Structures are given as structure tokens and as C-alpha cells.
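Peer 1: I'd like to ask some things about the structure below.
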Amino acid sequence: MPKYHIITYGCQMNKSDSEKVAGILESLGYIPSEKMEEADLILLNTCSVRERAEEKVFGKLGELRKLKKKNQKLLIGIFGCMAQRMKEELIEKFPHVDFVLGSYKFTELPKVLESLNDNNKKIVLAEDNPKPEEVDFRIIRRENKFQAWIPIIYGCNNFCTYCIVPYLRGKEKSRDPQEIIKEIEHLANQGVVEVTLLGQNVDSYGKDLGNVDLADLLVEIHKIPGIKRIRFLTSHPRDVSDKLINVVATHPKICPHWHLPLQAGSDRILRRMGRGYTYNEYKALIEKIRAKIPRASFSTDIIVGFPGEEEEDFLATRRALEEIKFDTVNLAIYSKRPGTPAASYDDPVPYETKKKWFDELENLQRKIIYERNLSMIGKEELVLAEGVNPKNPKELSGRTENYRLVFFEADRKLIGKFLLVRIIEARLWSLKGEAIREVDL
């Protein structure tokens, strides 16, 4: 039987797409290969959010050129955002690539593979205005048996000036709520206990449907027997409603972890980014959620050195981190993306200054994270055991409802189960705990 190997870059949506591709391939008779060198088909699921993500793909394609020389029958394909952005250019730069599929065109894989077998010609499928195409959820090959990613809305309508996603993922399109419910019921029957609802802007769910929103959908999922935890990301600060906050506050299966990208603490920079809110509006939202849900946790994204950013703008972002005290911050130095408005902005600040700002924010956030982790010592947390700690086979790893990573000693038979864990040690990026008992929710 032919073997396939998928390498995934980027966000959770890309991980979900890779699971769909794996399901399609296995429905065609392919089997997975852990080793790239033993595969008959290698697929790269790509990301274009930052230049660094694309550089990783270029590096991997260089490796694959050597494999192709050794095995001329090896098929190499690229899909995802980078494929959507570059299209034929990828074939021109890397002639050992056999096919390129745009954002949602992986659904055409059966036809593509059949065509390649017939005539061995290069294939590029990528529409200028990509539209999502559904895959039968029953064939999706999930990463594990007790957790699942569930895309509920595709695309983005926000067009922030730095972001290429709307151009590569298309306009927002919500999935039918009944189809989502059917998928999650199917997963629950198979033993899945935790689902994460996905969207580039998950809070926009239902705007194009007119009779349902994210809060309504969460209430319905909450009713499904067998589902013990529900997460959702990514949220746009402008679209978080009081209704959604109330639903999260009153439904215990819904985890009170919010991923709310701030991007900058300076109102001037937020306007240049096209974010649609001020810092004070963002801060007021955080305070509103904390007042309603005291146990809420927050992660965010920050862009350092956006074109035109000055010292006072950087200091405003620093103050924002000091005031809000996020649980996690994803920091990134601004990466110019071709085709976005910000790519044409003047950017006089030298990279050395941006790196200095980045380091300063990173050091500040390390202190904040460690202080917040110290406050967890002695608390008892409900943790879903997700797997074995790769650095210590005696330990399992899992996450609290607030998405804090915890390591603790326990039997491997408990993977996929919920445990009550007492926190005994704070580390920078994780917590150490001791398992008290299994909890049957």
C-alpha cells in the first residue's frame, strides 16, 4: 500500500486541514509513514502569516529535492496559504514539486493523484477568490482519540493592514450549525471529550447566516453528552458580545480561556493596523470579562516594530502588558507580507531597534508569566491528561481549563482522562503538579 507523510506549518486551522487530507488519502488506500524517507507521497501544508514560516518551507523543499533525486517516483505536493499565494511560482522555483493546491483545493486530491498517474504533468489548482469545500467529517483522521479541532467559520473579513489571511482564505463563511452539531455528536460517540472550535475570527460565526451566533452554537454543543470541555479561538476584540461572555460564564463545560490579539498598545499604531478599537476599549473588555468570570485567562498576540512605530508607541505596548498581565503573549517582530497595505508603508526603524524592543517585551512577559504561575501553587486544578512528557517518561502532561500546561506523575493508562491535580511547583512555561485522583465528569 502507498505511504504518505504530511508536514504541517502554521495555525490550528492548518492542523485541522492536515487531518482532513490524511482522511482523504486513507480513503484512497494510503497509509501514514512516520519517516519522510519511506513515503511515496509527501505533502507540505504551508503558512504565509510571516516570512519565517515561508523560509521553513523553502528549507524543507531543498531537503526534498535530494529525496526526489534518489526516488523519481516520489510525489511531492504543496497546499495551504503559501500555495494559494505563490501558485505556479512554486513549481518554477522548485521543479521537483509535482502539484500545488490552493487554500481549500486539497479536496481535489483524488482527481489530482489520478491525473498525475496518467500523464505525470505538473498541476496547480488555486482560485483567486478561494471558497471552502467541505470534507465528510466521518473520514477525517484525528490526531488523537479524545480531542478534536472543529472549524466553524472559514476566511476573514477584517483586512487588517498587516495581514495576508483574508486574501488567502477568502471571505468569511460560516458552517451550518446542524452540520457542526452532527460532527461533534459523531466525535462524542467515538470517545472525544474536548473540542476546540476554530476560526480566523471565531466570534464572527453566524453573521452570514443571520439566525445564529457563536453563543448560540456553544449552548447547543454544551448539551451534547460525552463532551466535557469546549474551547474556541481566535476571537477579535471588536466582536466579543455581552451575550457570549454570559454564556461562557454560565456554562461550565466552556473553558474561560480567551485568545484576544491586542497587537499593539498604541492607539496610533492600532489605527494604522486597521484593528477597529482603541487600547482603552480593549482594556475595558478584559475588565468586563474578568468581572463576570474571575477565573478567566487571556492570551494575546503582539506585533513589535510595525511600520512607523516609534519609542512612545513601544512604551504604550509595554504599559499594556504591565497593566493587563496576560497569561501568554505571542510576540513577533513585524513581517512584511506582499500584497498587504502595510507592505508599502514607510518603515524607518532599524531592525536592531525592533529586536531591542522585542527582547524587552519578552523579558517583561517572562516575569509576568512566572509571577502568575507562582500564584497557582497549592491550587487544585482539573487537568485533561494529553500525553507523556517527552523529557520525562514518568510524567504525563495536560492542560487546565485555562490552558496552563501541567506535568505530573501518573499511569499512562490515564491519558485521555480528567484528573484533579495539585500544583506544587511553578516554572516559566509550565507547572508541576501531583495527581490526586481521577475525576469522572
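The values are calculated or read from the model by the stated rules, or taken from the named source; none is laboratory data. Everything quoted here is computed from the prediction, not taken from an experiment. Neighbour counts run over all protein chains shown; Cβ positions are idealised from the backbone, glycine included.
Peer 1: Between 127, 172, 108, 194, which is loosely packed, with under 15 Cβ neighbours inside 10 Å and charged (D, E, K, R)?
Peer 2: Of 127, 172, 108, 194, the one residue that is loosely packed, with under 15 Cβ neighbours inside 10 Å and charged (D, E, K, R) is 127.
Peer 1: Still on this structure, please answer the following. Given the conditions (1) more than 30 Å from residue 174 (Cβ to Cβ); (2) surrounded by fewer than 18 Cβ atoms within 10 Å (Cβ to Cβ); (3) touching a residue at least 24 places away in the same chain (Cβ under 8 Å), which single one is not true for residue 75?
Peer 2: (2)
Peer 1: Can you tell me which residues in the stretch 179-207 are more than 15 Å from residue 154 (Cβ to Cβ), more than 15 Å from the chain's Cα centre (by Cα) and either among the aliphatic types (A, V, I, L, M) or part of a strand (DSSP E or B) (or both)?
Peer 2: 181, 184, 187, 188, 192, 193, 194
Peer 1: Identify all residues within the stretch 78-95 that are farther than 15 Å from residue 7 by Cβ, surrounded by fewer than 21 Cβ atoms within 10 Å (Cβ to Cβ), in contact with a Lys or Arg (Cβ under 9 Å, 6 or more places away or on another chain) and not aliphatic (A, V, I, L, M); write none if there are none.
Peer 2: The answer is 88, 95.
Peer 1: Answer yes or no: is there a residue in the stretch 173-183 that is in contact with a strand residue (DSSP E or B) (Cβ under 6 Å, 6 or more places away or on another chain) and in the same structural domain as residue 256 (by TED's automatic domain parsing).
Peer 2: Yes, the stretch 173-183 contains at least one residue that is in contact with a strand residue (DSSP E or B) (Cβ under 6 Å, 6 or more places away or on another chain) and in the same structural domain as residue 256 (by TED's automatic domain parsing).
Peer 1: Considering only residues of the stretch 149-178 that are assigned to a helix (DSSP H, G or I) and without any contact (Cβ under 8 Å) to a residue 40 or more places away in the chain, which is nearest to residue 20 (Cα to Cα)?
Peer 2: Here the answer is 178.
Peer 1: Would you confirm whether any residue within the stretch 398-407 is within 26 Å of residue 435 (Cα to Cα), surrounded by 13 or more Cβ atoms within 10 Å (Cβ to Cβ) and either at pLDDT below 95 or in contact with a Phe, Trp or Tyr (Cβ under 8 Å, 6 or more places away or on another chain) (or both)?
Peer 2: yes
Here's the yes/no breakdown for (1) of a type in the set (A, V, I, L, M); (2) more than 23 Å from the chain's Cα centre (by Cα); (3) over 27 Å from residue 173 (Cα atoms):
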site	(1), (2), (3)
98	no, yes, yes
104	no, no, no
111	no, yes, no
117	no, yes, yes
122	no, yes, yes
130	no, no, no
133	no, no, no
139	yes, no, no
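Peer 1: How about the stretch 28-44: which of its residues are closer than 17 Å to residue 105 by Cβ and either assigned to a helix (DSSP H, G or I) or touching a residue at least 40 places away in the same chain (Cβ under 8 Å) (or both)?
Peer 2: 28, 41
Peer 1: Now for a different question. Residue 379 fails exactly one of the following numbered conditions: (1) at pLDDT 95 or above; (2) of a type in the set (D, E, K, R); (3) more than 30 Å from residue 422 (Cα to Cα). What is the number of that condition?
Peer 2: So the condition that residue 379 fails would be (3).
Peer 1: Here's something else I'd like to know. Sort out which residues of the stretch 63-83 are closer than 30 Å to residue 129 by Cα, over 18 Å from the mean Cα position of the chain (by Cα) and not aliphatic (A, V, I, L, M), and write them in order of number.
Peer 2: The answer is 77, and nothing else.
Peer 1: Conditions: (1) surrounded by fewer than 16 Cβ atoms within 10 Å (Cβ to Cβ); (2) closer than 18 Å to residue 103 by Cβ; (3) free of Cβ contacts under 8 Å to residues at least 60 places away in the same chain. Residue 182 meets all but one. Number of the miss?
Peer 2: Failing condition for residue 182: (2).
Peer 1: Here's another thing I want to ask about it. Take residue 275 and tell me if it is in contact with a helix residue (DSSP H, G or I) (Cβ under 9 Å, 6 or more places away or on another chain), among the basic types (Lys, Arg) and surrounded by 21 or more Cβ atoms within 10 Å (Cβ to Cβ).
Peer 2: It is true that residue 275 is in contact with a helix residue (DSSP H, G or I) (Cβ under 9 Å, 6 or more places away or on another chain), among the basic types (Lys, Arg) and surrounded by 21 or more Cβ atoms within 10 Å (Cβ to Cβ).
Peer 1: Just checking, how many residues over the stretch 352-383 are exposed (fewer than 12 other Cβ atoms within 10 Å of the Cβ) and among the hydroxyl-bearing types (Ser, Thr, Tyr)?
Peer 2: Of the residues in the stretch 352-383, 1 are exposed (fewer than 12 other Cβ atoms within 10 Å of the Cβ) and among the hydroxyl-bearing types (Ser, Thr, Tyr).
Peer 1: Just name the residue that is surrounded by the most Cβ atoms within 10 Å (Cβ to Cβ) out of those in the stretch 248-259 that are out of contact with any strand residue (DSSP E or B) (no Cβ under 6 Å at 6 or more places or on another chain) and touching a residue at least 12 places away in the same chain (Cβ under 8 Å).
Peer 2: By that ranking, first place goes to 256.
Peer 1: Taking the stretch 328-384 as the region of interest, how many residues are touching a Lys or Arg at 6+ places or on another chain (Cβ under 6 Å), of a type outside the set (S, T, N, Q) and over 15 Å from residue 317 (Cα atoms)?
Peer 2: 2
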